Amino acid sequence: EAGVVQSPRYKIIEKKQPVAFWCNPISGHNTLYWYRQNLGQGPELLIRYENEEAVDDSQLPKDRFSAERLKGVDSTLKIQPAELGDSAVYLCASSLVGESSYEQYFGPGTRLTVT
Amino acid sequence: KNQVEQSPQSLIILEGKNCTLQCNYTVSPFSNLRWYKQDTGRGPVSLTIMTFSENTKSNGRYTATLDADTKQSSLHITASQLSDSASYICVVAGGSGGSYIPTFGRGTSLIVHP
């Protein structure tokens, strides 16, 4: 069974440029998460989707970050414009159901470097 | 504020030795606690999950313990292997009413030397 797929794996951009990350969750998983992981830190939840609905986006910096999950499957996370502090690994995860007892499966992440 | 503190920050051991990683939390209400292993350049992978009523859970050479009274957990690795070199992250799930609010620790970086 294929795991969570993310692309690109690496991205280097200049500040003020836009960037987008794509995630394809495990088939049948209705819950999708986006996390940001800074170097030496644990992941920080940005947004959680139940199907197409964003049910928790309280940690998403809405002035520059946006996300969508069309048709309740794939998801895209966008930053516009990017800032130096946005350099981090962006992880996507999915689970069968959005409850903590259900295991989250993480993708390999997208490493973003903003110069 | 919900917090998860892990110690040590990093650890170096020789292959074949045992080690124990610590996790203290102040998450309330408590739902469950997971230990994840994150290899370099990869996403975290769940090792164990424990609820309030469980005080120990094993997964091969990994054994996690939970003391819900003192809000402490440990992850014990037995007979370490080179492939155990990774970051180990403690995650405590809180919230109520079906909501899922994970609080991640910073992780312990483990290096196993031959």
Which number in (1) under 10 Å from the mean Cα position of the chain (by Cα); (2) over 20 Å from A:Ser95 (Cβ atoms); (3) touching a residue at least 40 places away in the same chain (Cβ under 8 Å) marks the one condition that B:Arg34 misses?
-> (2)
Here the residues within the stretch B:20-45 that are surrounded by fewer than 19 Cβ atoms within 10 Å (Cβ to Cβ) and over 12 Å from B:Ala93 (Cβ atoms) are B:Thr20, B:Gln22, B:Asn24, B:Thr26, B:Asp39, B:Thr40, B:Gly41, B:Arg42, B:Val45
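Which one of A:Ile26, A:Ile47 is over 20 Å from A:Thr113 (Cα atoms), assigned to a loop (DSSP other than H, G, I, E, B) and β-branched (Val, Ile, Thr)?
Working: A:Ile47 fails: assigned to a loop (DSSP other than H, G, I, E, B).
Checking each option against the conditions leaves just A:Ile26.
Just checking, how many residues over the stretch A:80-115 are farther than 28 Å from B:Gly94 by Cβ and away from every other protein chain (no Cβ under 11 Å)?
Restricting attention to the stretch A:80-115, the residues satisfying the condition of being farther than 28 Å from B:Gly94 by Cβ are A:80-84, A:87, A:111-115.
Narrowing further to those that are away from every other protein chain (no Cβ under 11 Å): A:80-84, A:87, A:112-115.
Summing the residues that are farther than 28 Å from B:Gly94 by Cβ and away from every other protein chain (no Cβ under 11 Å) in the stretch A:80-115 gives 10.
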Just give me the residues in the stretch A:23-52 being crowded, with 22+ Cβ neighbours inside 10 Å and over 14 Å from the mean Cα position of the chain (by Cα), in sequence order.
-> A:Gly42
Restricting attention to the stretch A:55-65, does a residue exist that is loosely packed, with under 14 Cβ neighbours inside 10 Å, of a type in the set (D, E, K, R) and part of a loop (DSSP other than H, G, I, E, B)?
-> yes
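Could you list, in sequence order, all residues of the stretch B:49-66 that are among the basic types (Lys, Arg) and farther than 22 Å from A:Glu99 by Cα?
Within the stretch B:49-66, the subset among the basic types (Lys, Arg) is B:57, B:61.
Across the stretch B:49-66, the qualifying residue is only B:Arg61.
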Leading residue by the ranking (surrounded by the fewest Cβ atoms within 10 Å (Cβ to Cβ)) among those in the stretch A:70-85 that are at pLDDT 95 or above, of a type in the set (A, V, I, L, M, F, W, C) and within 14 Å of the chain's Cα centre (by Cα) | A:Ile79
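The values are calculated or read from the model by the stated rules, or taken from the named source; none is laboratory data. Since this is a predicted model, take the numbers as computed values, not measurements. Don't worry about glycine lacking a Cβ; one is built from the backbone with ideal geometry, like all the others, and counts go over all protein chains shown.
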